[in-house]
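For reference, the structure discussed in these notes is given below.
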Amino acid sequence: MNFRRPLYNFILVIVSFILQTTVFRTLDFGGIAPNLMIILTASTAFIKGDKPGLLVGFFSGLLIDIFFGTFIGFYALIYMYIGFVVGKLHAIFFTQNLAIPIVIISFADFVFGFICYVLMFLFRTKFDIGYYMMNIIIPELVYTAVIAIFFYPVILWMNNSIDERELRSAKKFV
């Protein structure tokens, strides 16, 4: 069994979580920070497929639930679904193009923000979606998309290097 891929995903989830909660909290604009966990979940799902996206999304959301959530499993479920749905696009689109993953990451961040609004505020009869959209969802979407321009190629390069290493080690046995 190859241990590099799960170890790589584990380290990437931990590093993304630490960066999101420390470095990018100090680099926020108007209280808005990029969502690196969405970038990681959507990127992994887009590059490797629905099952790895689902797993990375679950563990990313679980970390956020444990440290910042009010309920264990709320964010894990949202991230897991986003990873699964984006992973279905793996077979359709070409992963080397930069524009398509950035659009997909932006859309995933929008869906995440909208689901959080519906489940956290709308059910408590706080109907100010215009305020929430203009002050939280759209600025976070833009900031996440800008950071994804630099973060996605790093994730893609790391994935490709692990794929090449796995391919080389598989050729040794043939």
Fill in: Per DSSP, loop chymotrypsin sites (Phe, Trp or Tyr not before Pro) in the stretch 1-107 with at most 13 further Cβ within 10 Å
Phe3, Phe71, Phe93, Phe94
Worksheet entry | Reciprocal mean inverse distance between Cα atoms of the chain - Kirkwood radius, Å | 16.6 Å
Worksheet item: What's the extension gain from Leu167 to Ile129 if we count 0.36 nm per residue and subtract their Cα-Cα distance?
Response: 8.8 nm
Fill in: Euclidean distance between Cα centres, the stretch 24-59 to the stretch 103-155, Å
12 Å
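How many Å² of accessible area per residue for the chain, probe 1.4 Å?
Here the per-residue accessible area is 57 Å².
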Practice prompt. Would you mind calculating the relative contact order of the stretch 1-132 from Cα pairs under 8 angstrom and at least 6 residues apart, reporting the percent as a whole number?
Written response: 21 percent
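Quick one: net charge around Asn35, please, counting Lys, Arg +1 and Asp, Glu -1 for every other residue with C-beta under 11 Å from its C-beta.
Residues near Asn35 contribute -2 overall.
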Worksheet entry | Cβ-Cβ FRET estimate between Met120 and Val23, R0 fixed at 22 Å, reported to 0.05 | 0.30
Item to complete: Let me have the 222 nm mean residue ellipticity of the chain computed from DSSP H runs of 4+ only, each contributing -39500 (n - 2.57), with the sum over all residues rounded to the nearest 500.
Response: -23500 deg cm²/dmol
Fill in: Difference of contour (0.36 nm per residue) and Cα-Cα distance, Ala91 to Ile149
18.7 nm
Worksheet, complete the sentence: Each label sits 7 Å from Cα toward the beta-carbon; between Leu7 and Ile72 the label points are separated, in nm, by 2.9 nm
Response to the item:
Kirkwood calc, the stretch 132-174, C-alpha pairs only, radius in angstrom 12.8 Å
Worksheet entry | Accessible surface of the chain [probe 1.4 Å, protein heavy atoms]: carbon and sulfur percent | 75 percent
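The values are calculated or read from the model by the stated rules, or taken from the named source; none is laboratory data. Bear in mind the structure is a predicted one, so any value in this text is a computation, not a measurement. Note: ideal-geometry Cβ built from the backbone for every residue, glycine included; neighbour counts use all protein chains shown. The area values use the complete protein model at the heavy-atom level, side chains included, leaving out ligands, DNA and RNA. Shrake-Rupley method; radii C 1.70, N 1.55, O 1.52, S 1.80 Å.
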